[in-house]
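Heads up, the thing below is written out as structure tokens.
The values are calculated or read from the model by the stated rules, or taken from the named source; none is laboratory data. Since the structure is predicted, the reported quantities are computational estimates derived from the model, not experimental observations. When we count neighbours, we look across all protein chains shown, and the Cβ atoms used for this are built from the backbone with ideal geometry, even at glycine. Keep in mind that these areas ignore ligands, DNA and RNA; they rest on the heavy atoms of the full protein, side chains included. Shrake-Rupley method; radii C 1.70, N 1.55, O 1.52, S 1.80 Å.
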Amino acid sequence: MKITVVGTGYVGLVTGACFASTGNEVTCVDTDENKVAALTRGEIPIHEPGLDGLVTAAVANQKLKFTTSLAEALQHPQDCVFIAVGTPPGENGSADLSHVLAVAREIGKTLTYPTVVVDKSTVPVGTADAVRAALAEAMQDRGTLVEFSVVSNPEFLKEGAAIKDFMEPARVVVGTDSEKAAEVMKALYAPFTRSRERLILMNVRDAEMTKYAANAMLATRISFMNELAVLCDKLGVDVERVRAGMGSDPRIGNQFLYPGVGYGGSCFPKDVKALVKTGKDNGVTLGILEAVEERNNSQKHYIFNKIIKEFGSDLSGLTFSLWGLAFKAGTDDMREAPALTLIEDLLASGAKVKAYDPVALNTAQKACKEMGLALENITFVKSAKDALVGTTALIVITDWMEFRSPDFKVIAKALATPIIFDGRNMYSKPEVNLCGLRYVGVGR
Ligand code: NAD
């Protein structure tokens with residue numbers, strides 16, 4: 001098939017590369033000239049395991065190309081046009097649809113043949129109708145009307161495992177009222193659903209809601225465990241044992257039950273907010289999700305509160321070693337990363353920070369700059385060991401593999417005050433204590 005993917009971020013680039021890898025001819029479009037230039041030179045602008053090789057191979061096979069011009073991409077008939085642009089939170093918490101609707105208008109200005117327009121961005125219920133209207137209006141303005149369908153096909157990939165999630169999806173949700181469009185989507189996804197049928201067909205609005213429901217549920221599990229962890233801290237209960245005990249119940253399951261520093265990233269925070277706003281707009285208070293968000297906001301300060309309990313609220317003269325900056329392991333994405341809140345708290349109390357992340361140093365530096373943080377008080381270093389030099393205590397914020405089994409004796413020697421604040425509950429307290437370090441976890 002011939003496919004255009006608009007937006008070459010985490011979702012668009014992975015989508016384009018995966019579809020190209022099964023033999024489709026894919027054009028990826030982005031308005032960011034630097035990004036397109038980098039991709040054209042063979043540079044991948046994001047860290048996503050496996051993506052580099054996939055893109056290089058697809059480009060070499062002439063199955064994947066990049067452009068800044070949507071009109072150029074749509075010049076020859078396309079079977080599908082995917083919209084995979086960002087939907088950041090607007091001022092009032094609702095999803096900002098300006099990019100999605102701009103793309104819809106742009107398609108409407110250019111389209112001269114029937115096609116399927118696929119909404120892959122995470123968008124509130126009713127957006128497909130708005131996309132359809134924007135597209136039709138743009139067509140009307142130029143006096144041309146061609147047949148098109150708007151399909152909702154939300155994406156469920158996880159950053160850090162995006163290729164695997166796309167290639168071996170747990171399910172593919174397709175919302176459409178057009179049989180023809182459904183057949184196109186089935187054919188497109190067939191290579192990824194060969195071992196068993198995974199494509200779930202539904203109405204467009206049902207599909208739009210499904211994405212929010214899934215993310216809201218996962219965020220709820222995390223906030224639920226974070227709240228329990230706070231209580232466990234008070235009661236002298238180890239939340240990790242509780243997690244193992246409850247997660248082994250098949251009705252509950254083990255995933256997304258890990259207490260820690262709060263969820264971040266480009267999805268959970270904005271999607272929970274947007275769903276709460278949709279509720280409000282429709283006279284429904286989503287109290288559970290309001291509490292999920294509130295817990296997450298306070299959880300991002302939880303480790304900091306433990307630090308000032310230990311060192312007092314004036315941290316002047318102290319430097320903290322920070323292991324991990326990305327919002328989770330496997331990605332360089334710093335959007336809404338809990339590390340940013342922690343750094344902001346530490347600097348505001350007079351402390352300095354020495355930080356290391358295996359892949360997110362550049363994106364973290366950029367994010368700190370954008371937040372207006374005093375960069376002279378943050379040193380970004382190139383190894384976990386370097387991050388320990390001349391520091392007071394260690395704070396582990398992202399659960400990268402390389403942090404999972406460190407030499408605690410080396411850490412104990414390097415720190416002025418031998419304490420580890422384990423924001424991900426990765427370590428065994430007795431093992432850490434044996435090496436002469438104090439251990440402070442979340443709910444332990
Ligand atoms: P992103 O910010 O990484 O990428 C979006 C891209 O769209 C950017 O490169 C931007 O330049 C481009 N863009 C914006 N306006 C454009 C336009 N008019 N024409 C062409 N390109 C344009 O975003 P992302 O993380 O890939 O997310 C995209 C959507 O997918 C969002 O709605 C998000 O909620 C959803 N989603 C994201 C993930 C994830 O893990 N990142 C997972 C599932 C769903």
Worksheet item: Among the residues of segment 280-294, how many are open to solvent by 60 Å² or more (accessible area, probe 1.4 Å), in contact (Cβ under 8 Å) with a residue 24 or more places away in the chain and either among the acidic types (Asp, Glu) or in contact with a Gly (Cβ under 7 Å, 6 or more places away or on another chain) (or both)?
Response: 1
Worksheet item: Among the numbered criteria (1) within 30 Å of PRO49 (Cβ to Cβ); (2) touching a helix residue (DSSP H, G or I) at 6+ places or on another chain (Cβ under 8 Å), which single criterion is violated by SER149?
Response: (1)
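Listed here are the residues, each with its yes/no results for (1) modelled with pLDDT under 95; (2) within 12 Å of the ligand (Cβ to nearest atom); (3) open to solvent by 40 Å² or more (accessible area, probe 1.4 Å); (4) closer than 26 Å to ALA187 by Cβ.
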{"residue": "LEU64", "(1), (2), (3), (4)": "no, no, no, yes"}
{"residue": "THR68", "(1), (2), (3), (4)": "no, yes, yes, no"}
{"residue": "HIS76", "(1), (2), (3), (4)": "no, no, yes, yes"}
{"residue": "ILE83", "(1), (2), (3), (4)": "no, yes, no, yes"}
{"residue": "THR87", "(1), (2), (3), (4)": "no, yes, no, no"}
{"residue": "ALA104", "(1), (2), (3), (4)": "no, yes, no, yes"}
{"residue": "TYR113", "(1), (2), (3), (4)": "no, no, no, yes"}
{"residue": "VAL116", "(1), (2), (3), (4)": "no, no, no, yes"}
Discussion item. Just to check your reading of the model, which residue among SER195, SER266, SER223, SER248 is under 25 Å from ALA84 (Cα atoms) and polar (S, T, N, Q)?
Written reply: SER266
Discussion item. So for segment 29-47 (the condition being open to solvent by less than 10 Å² (accessible area, probe 1.4 Å), out of contact with any His (no Cβ under 9 Å at 6 or more places or on another chain), under 22 Å from PRO154 (Cα atoms) and within 9 Å of the ligand (Cβ to nearest atom)), does at least one residue qualify?
Written reply: yes
Worksheet item: Is at least one residue of segment 236-245 at pLDDT 95 or above, buried (at least 19 other Cβ atoms within 10 Å of the Cβ), of a type in the set (Val, Ile, Thr) and outside the structural domain of GLY9 (by TED's automatic domain parsing)?
Response: yes
Discussion item. I'm told GLU72 meets every condition in (1) part of a helix (DSSP H, G or I); (2) crowded, with 22+ Cβ neighbours inside 10 Å except one. Can you identify the failing condition by its number?
Written reply: (2)
Worksheet entry | Evaluation of VAL440 against (1) open to solvent by 10 Å² or more (accessible area, probe 1.4 Å); (2) under 27 Å from GLY9 (Cβ atoms); (3) of a type outside the set (Phe, Trp, Tyr) (one fails), failing number | (2)
Discussion item. Exactly one of these conditions fails for ASN362: (1) polar (S, T, N, Q); (2) under 28 Å from VAL11 (Cβ atoms); (3) open to solvent by less than 10 Å² (accessible area, probe 1.4 Å). Give me its number.
Written reply: (3)
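Results for (1) farther than 17 Å from PRO358 by Cα; (2) among the basic types (Lys, Arg), shown as yes or no for each residue.
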site	(1), (2)
LEU394	no, no
ASP399	no, no
ASP407	yes, no
VAL410	yes, no
LYS413	yes, yes
ASN425	yes, no
LYS429	yes, yes
Discussion item. Based on this model, can you work out whether THR22 counts as farther than 21 Å from ALA133 by Cβ and open to solvent by less than 20 Å² (accessible area, probe 1.4 Å)?
Written reply: no
Discussion item. Which residue is farthest from CYS28 (Cα to Cα), if the candidates are limited to segment 89-100 and must be within 10 Å of the ligand (Cβ to nearest atom) and open to solvent by less than 40 Å² (accessible area, probe 1.4 Å)?
Written reply: ALA95
Practice prompt. Name every residue in segment 409-431 that is outside any helix (DSSP H, G or I) and over 11 Å from GLY441 (Cβ atoms), in order of residue number.
Written response: LEU415, ALA416, THR417, PRO418, ILE419
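Are any of the residues in segment 254-266 surrounded by 14 or more Cβ atoms within 10 Å (Cβ to Cβ) and modelled with pLDDT under 95?
yes
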Item to complete: Tell me, yes or no, whether segment 146-157 has at least one residue that is in contact with a Phe, Trp or Tyr (Cβ under 6 Å, 6 or more places away or on another chain), within 15 Å of the ligand (Cβ to nearest atom) and part of a loop (DSSP other than H, G, I, E, B).
Response: yes
Discussion item. Quick test of your reading of the structure: LYS277 fulfils all but one of (1) in a helix (DSSP H, G or I); (2) within 24 Å of the chain's Cα centre (by Cα); (3) buried (at least 20 other Cβ atoms within 10 Å of the Cβ); (4) touching a residue at least 60 places away in the same chain (Cβ under 8 Å). Name the failing condition by number.
Written reply: (3)
Worksheet, complete the sentence: Scanning segment 175-208 for residues that are among the polar types (S, T, N, Q), under 17 Å from LYS120 (Cα atoms) and either open to solvent by 40 Å² or more (accessible area, probe 1.4 Å) or assigned to a helix (DSSP H, G or I) (or both) gives ASN203
